[in-house]
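A short worksheet on the structure shown next.
Nothing in this text is a laboratory measurement; each read-out follows from the coordinates by a stated rule. Since this is a predicted model, take the numbers as computed values, not measurements. We place every Cβ from the backbone using ideal geometry, glycine too, and count neighbours over all the protein chains shown.
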Amino acid sequence: MTATPPRIAILGIHLEANAFAPITTGADFRESCYFEGEAMLAEAAKLAPAMPAEIPGFIAAMNTTGAWEPVPILITSCEPGGPAEQAFIDETLARMRQLLTAAEPLDGIYVSNHGAMIATEDTDPDGELYALAREAAGPDRPVVATVDLHANISERMADSVDAIVSYRTNPHVDQAERAAEAAQLMRRLLAGERFDKSFIRLPIAAPPVTLLTAHGAYADMIAEGQRHIGPEVPLVSVVAGFAFADVPEAGMSVLTYGTGQKPQELASRLAHMAWEDRDRFRVRLTPLDEAIRRAAEAGESDDGDAVCLADVADNPGGGARGNTTDILEGLLAAKVQRALFGNFVDPAVAARCHEAGAGARLQVVFNAHHADADGRAVAAELEVLGLSDGNIVGRRGICQGRTVRLGLSAAVRIGGLTMVVCSRRVQCADPAFFEHFGLDIGTFRSLTVKSRGHFRAGFDEFFRHEQILEVDAGGLTSPMLERYPWRRLNRPSWPLDADEDWPSSMFT
């Protein structure tokens with residue numbers, strides 16, 4: 001007698017929420033990614049789907065590991081931003097519950113989730129999502145989740161699911177691989193295996209620029225965890241956390257799964273390793289005036305390397321608005337030549353460029369309607385080089401093979417500066433954002449990107465690590481954490497409270 005293929009529900013919400021940024025509305029989610037039921041499977045099957053890469057990755061891996069029946073529920077995601085509108089979260093969770101009930105019987109649930117979401121009222125909506133999935137699955141059917149490595153893991157999240165699989169790359173280029181790992185674990189759980197869990201949260205709120213996985217203390221932790229993967233420890237997730245959520249759960253966590261004493265021993269070992277290396281989580285940025293000088297020198301000569309200025313404090317990939325002007329004003333004041341800049345978010349300027357048409361020259365004011373201390377009003381005369389609807393298929397890194405929606409966009413020239421202006425907050429992480437305007441990145445001597453780190457996987461064919469300057473400027477994602485009015489973040493926390501008298505027995 002042939003066994004019935006397992007029915008696995010697929011659902012998720014993705015938002016990395018910055019407590020200091022403007023509210024993320026339901027309209028923001030729906031404009032970015034919102035699919036229910038069969039529309040999820042149809043989008044996942046596209047060559048360049050406009051959804052988190054985990055969804056097609058999980059489906060593909062399940063397809064290759066045996067018979068099964070996907071039960072698509074709901075997936076929604078949005079570019080990182082402020083706290084999610086509570087009404088949208090409540091409506092979405094209620095809709096998920098309704099669809100899960102209608103989909104019974106189920107054999108398991110896969111949750112695709114960022115893991116660092118807050119809402120305008122609820123500080124742990126991810127935990128609410130996981131609890132909903134467990135309620136629908138009951139105590140015995142497996143629930144497996146994948147999270148971004150910037151997730152803030154709450155006890156409710158950890159206790160509600162059988163396994164949490166986190167990314168292992170930053171820039172994030174392994175979403176599909178981690179979804180495939182989740183599928184493999186799902187198969188093992190469906191076959192009857194169960195894992196014991198060890199969960200340790202460390203008092204480390206690491207600034208995001210210290211969390212690259214090519215090198216550094218965090219990279220070493222991940223490598224050490226993976227070195228012990230085997231029959232006793234099938235899964236290790238070293239989760240960096242996202243301090244800007246400003247919640248008690250924010251910070252670095254270690255999750256190990258397996259049998260016997262080894263998972264617990266390994267979790268303790270990794271926690272001690274992070275704490276002993278804590279000084280490596282300090283931030284070192286390039287002063288603004290030095291960064292502008294380096295760009296100006298590069299623009300005047302073909303000798304030496306071109307430079308890449310990373311505007312890490314205004315990273316839309318961490319909830320920032322993409323419209324601060326410290327670097328822009330510096331480049332214009334210094335009359336820097338052969339400079340490329342992206343993406344500057346100003347829907348009004350982008351719309352004016354579309355009205356005027358390619359080749360037009362016009363006077364504009366950036367931030368005319370929403371200027372503040374970091375994003376000042378900047379008047380400029382520009383030439384419109386090219387126009388786009390902003391629907392772009394990513395070529396490299398985090399955006400590769402995915403449809404990215406910049407909204408109405410324009411390439412413009414202001415003196416020696418060429419800039420992409422867009423309408424939606426999307427970090428500058430892919431060369432395609434320039435190339436679809438016909439801009440040849442290799443002909444410029446400096447590139448400014450509004451991105452914290454994901455640009456590295458997109459632009460590494462143009463800039464080595466030594467050519468990148470992480471600039472100390474203003475914005476909602478500055479890694480200088482001492483500049484923020486923290487309200488809920490657990491204190492003391494390293495490196496904010498580096499002078500605290502920390503107990504030596506913290507993890508024993």
What's the magnitude of the charge dipole for the stretch 286-478 around its Cα centre, counting Lys and Arg as +1 and Asp and Glu as -1 at the beta-carbon? Answer in Debye, nearest 20. 640
In whole percent, what relative contact order does the stretch 1-145 give with Cα contacts below 8 Å and a gap of six or more residues? 38
DSSP beta bridges in the stretch 286-478, what fraction antiparallel, as a percent rounded to 5? 50
At what distance in angstrom do the alpha carbon centres of the stretch 371-389 and the stretch 400-429 lie from each other? 11
Would you be so kind as to identify which of T448, A473, A350 lies farthest towards the positive end of the dipole of the stretch 286-478, taking Lys and Arg as +1 and Asp and Glu as -1 on Cβ and the Cα centre as origin? A350
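Explain nothing, just the number: relative contact order of the chain, from Cα pairs under 8 Å at least 6 residues apart, as a whole percent.
Details: 1199 pairs, mean separation 80.9, N = 508.
Result for the chain is 16 percent.
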Rounded to the nearest Å, the spacing of the alpha-carbon centers of the stretch 322-365 and the stretch 49-86 is 35
Tell me, V393, V236 in order of fewest to most beta-carbon neighbours within 10 Å? V393, V236
For K197, the lysines lying under 20 Å Cα to Cα, once residues fewer than eight places off in the same chain are dropped, come out as K262
Can you give me the relative contact order of the stretch 7-281 as a percent, contacts being Cα pairs under 8 Å and 6 or more apart? 20
Dipole of the chain, Cα-centred, from +1 at each Lys and Arg C-beta and -1 at each Asp and Glu C-beta, to the nearest 20 debye? 580
Protection-proxy order for peptides 174-181, 212-219, each taking the mean of Cβ atoms within 10 Å per residue, highest first: 174-181, 212-219
Any chance you could check the Cα centroid distance between the stretch 459-494 and the stretch 110-189 for me, in angstrom? 26
Highest first, please rank the peptides 422-435, 30-43, 341-354 by the mean number of other Cβ atoms sitting within 10 Å of their residues. 422-435, 341-354, 30-43
How large is the dipole of the stretch 7-281 about the Cα centre if only Lys and Arg carry +1 and Asp and Glu carry -1, each at its Cβ, rounded to the nearest 20 debye? 720
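Ranked highest first by the average count of other Cβ atoms within 10 Å around their residues, in what order do 194-204, 160-170 fall?
Listed from highest to lowest mean packing, they are 160-170, 194-204.
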Considering the options V165, G407, A333, tell which one lies farthest towards the positive end of the dipole of the chain, charges being +1 on Lys and Arg and -1 on Asp and Glu at the Cβ, about the Cα centre. G407
Prolate/oblate/rounded label for the stretch 7-281 (Cα gyration tensor, a/c 1.5): oblate
Positive end of the charge dipole of the chain (Lys, Arg +1 and Asp, Glu -1 on Cβ, about the Cα centre): tell me which of F20, T324, L387 has its Cα farthest that way. L387
If the convex hull is drawn through the Cα atoms of the chain, its volume per residue in Å³: 141
Per the helix-only calculation at 222 nm, which mean residue ellipticity applies to the chain, given -39500 (n - 2.57) for every DSSP H run of n ≥ 4 and division by its residues, nearest 500 deg cm²/dmol? -8500 deg cm²/dmol
